[in-house]
Amino acid sequence: MSTPTDMLVKLYNLPDDWNFVAEQEKLGIIIRKPIGVEKRVLVEWVTKVFSPTWGSAMDMALGNRPVSCFVAVKEGAPVGFSCYDAGDLGYLGPIGVAESERGKGTGTALLRAGLLDMKLKGYGYAIIGMVGPAEFYKKTVGAVEIPDSFPGIFKTRIKRDFTP
């Protein structure tokens, strides 16, 4: 298994094309920003399906104004999400899609939604932190690896299993 790396995306090179929203809608999946009353259910869902760390990131992104996350919703239930500025400014991630919904382009749509939203806010670049599937990001949005970026901002992170 390779060491995770951070990747850099030139937002100014991304086309302002939101057609992926309509493409997902044809599959019965709505890509949108969540509303306030959905906070608890989304944080709980992300924590349960993915991890407590990712749940914390969703909580942070939902607390930003405007919110800095997107959700994928199918038949009234969350099936995916993406966050940015979720604790670390200029970073996109985490991104997750329920296993049952993978392979439909939802992850790509959530990635593009987050990056385009960052572009609209005036960011020139985005960092995608600690990626595993680097090829996906290279192919999808032209991301490039940032050399020597592991463990990056997580170098002094508090561990979940410490003893107080």
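The values are calculated or read from the model by the stated rules, or taken from the named source; none is laboratory data. From a predicted model like this one, the values you see are computed outputs, not experimental measurements. Ideal geometry is used to build each Cβ from the backbone, glycine not excepted, and the neighbour counts take in all protein chains shown. These area figures cover heavy atoms from the full protein model, side chains too; ligands, DNA and RNA do not enter into them. Shrake-Rupley method; radii C 1.70, N 1.55, O 1.52, S 1.80 Å.
Worth pointing out:
- Members of region 113-129 found to be touching a helix residue (DSSP H, G or I) at 6+ places or on another chain (Cβ under 7 Å) and surrounded by 15 or more Cβ atoms within 10 Å (Cβ to Cβ), listed by number: Leu115, Met118, Lys119, Tyr123, Ala126, Ile128, Gly129
- Odd one out for Thr108, checked against (1) farther than 24 Å from Asp6 by Cα; (2) touching a residue at least 60 places away in the same chain (Cβ under 8 Å); (3) among the β-branched types (Val, Ile, Thr): (1)
- When the criteria are applied in full, Lys48 fails the requirement of being surrounded by fewer than 22 Cβ atoms within 10 Å (Cβ to Cβ), more than 28 Å from Ser149 (Cα to Cα) and in contact (Cβ under 8 Å) with a residue 60 or more places away in the chain.
- Count of residues meeting criterion [in contact (Cβ under 8 Å) with a residue 24 or more places away in the chain and buried (at least 18 other Cβ atoms within 10 Å of the Cβ)] in region 89-100: 6
- Per-region count, region 1-17, residues surrounded by 12 or more Cβ atoms within 10 Å (Cβ to Cβ) and either among the small types (Gly, Ala, Ser) or out of contact with any helix residue (DSSP H, G or I) (no Cβ under 7 Å at 6 or more places or on another chain) (or both): 3
- Of all residues in region 18-45 being assigned to a helix (DSSP H, G or I) and among the aliphatic types (A, V, I, L, M), the one that is most open to solvent (accessible area, probe 1.4 Å): Val37
- Pick from region 51-64, criterion aliphatic (A, V, I, L, M) and in contact with a strand residue (DSSP E or B) (Cβ under 7 Å, 6 or more places away or on another chain), ranking: surrounded by the fewest Cβ atoms within 10 Å (Cβ to Cβ): Leu62
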